[in-house]
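The values are calculated or read from the model by the stated rules, or taken from the named source; none is laboratory data. A quick note: this is a predicted structure, and the numbers were derived from the prediction, not measured. Here Cβ is always computed from backbone atoms with ideal geometry, including for glycine, and neighbour counts include all displayed protein chains. Side chains included, ligands, DNA and RNA excluded: accessible areas come from the protein's heavy atoms. Shrake-Rupley method; radii C 1.70, N 1.55, O 1.52, S 1.80 Å.
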Amino acid sequence: MGYPKDTLAADEQLVLHKHPHWKTLVLPFLALVVLTTAAILAWRWSTTADVSDSAATAVGIAVGSLWLVGVLVLFAWPMLRWSTTHFVITDRRVMFRTGILTRTGIDIPMARINTVQFRHHLIDRILRTGTLIIESASDDPLEFSHIPHVERVHSMLYNEVFDTLGDDEAGRR
């Protein structure tokens, strides 16, 4: 099942588990392509230019080091951040977890959710992503950005909230 299995209660059912939309990885991927292209061009220049072998070696080491640092900062770190960000809906709550070194998270019980909204602009609509806005009983609205298929998630979450409220109403009679 993946991430949420160890955080679920014994009889809690997973409804949805999503990472942020893939559009958050476009710039890191482009950075990887640009860094790699620049490193290859710099290395090729150092091997074909009229420079000494020690200078070519020094350029190669510098280019390789800069490439490695650039890839770690501009590509690997965003990929790791993406893979450790989870938006989870169960039959009892909404969970959001993020962070690599310092983890943060929030759980919102279904019974405390008052309003569920979504927002997406033209590009978000084309890419089928958007922002999900959840308003709970006592807190300011919480916005979750880059949710894939935000309209489906909105509908699914609304149905879960409605089912939870229906169960509470049935229990009171």
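Points to keep in mind about this one:
- If the condition is being within 29 Å of H120 (Cα to Cα) and crowded, with 16+ Cβ neighbours inside 10 Å, then the range 27-42 contributes P28, A31, L32.
- For the criterion of being closer than 20 Å to S145 by Cβ, open to solvent by less than 50 Å² (accessible area, probe 1.4 Å) and either in contact (Cβ under 8 Å) with a residue 24 or more places away in the chain or not basic (K, R) (or both), T24 passes.
- Matching residues in the range 1-21 - criterion: being out of contact with any Leu (no Cβ under 7 Å at 6 or more places or on another chain) and surrounded by 12 or more Cβ atoms within 10 Å (Cβ to Cβ): Y3, T7, E12, V15, L16, H17, K18, H19, P20
- On the stretch given as the range 91-113, residues that are without any contact (Cβ under 8 Å) to a residue 60 or more places away in the chain and either open to solvent by 100 Å² or more (accessible area, probe 1.4 Å) or outside any strand (DSSP E or B) (or both) total 8.
- Some residue of the range 116-130 being in a loop (DSSP other than H, G, I, E, B), touching a helix residue (DSSP H, G or I) at 6+ places or on another chain (Cβ under 7 Å) and farther than 22 Å from T24 by Cβ: no
- Condition check for W45: surrounded by 12 or more Cβ atoms within 10 Å (Cβ to Cβ), over 30 Å from R152 (Cα atoms) and in contact (Cβ under 8 Å) with a residue 24 or more places away in the chain: no
- Qualifying position, being under 23 Å from the mean Cα position of the chain (by Cα), modelled with pLDDT of 95 or more and not in a helix (DSSP H, G or I), among P20, P28: P20
- When P109 is tested against (1) under 18 Å from the mean Cα position of the chain (by Cα); (2) over 24 Å from L80 (Cβ atoms); (3) modelled with pLDDT under 95, just one condition goes unmet, and that condition is (1).
- Here S65 meets the list (1) closer than 21 Å to V150 by Cα; (2) of a type outside the set (A, V, I, L, M); (3) open to solvent by 50 Å² or more (accessible area, probe 1.4 Å); (4) assigned to a helix (DSSP H, G or I) almost entirely, failing just condition (1).
- Among residues of the range 121-150 being open to solvent by less than 100 Å² (accessible area, probe 1.4 Å) and more than 17 Å from the chain's Cα centre (by Cα), the one that is nearest to H86 (Cα to Cα) is I134.
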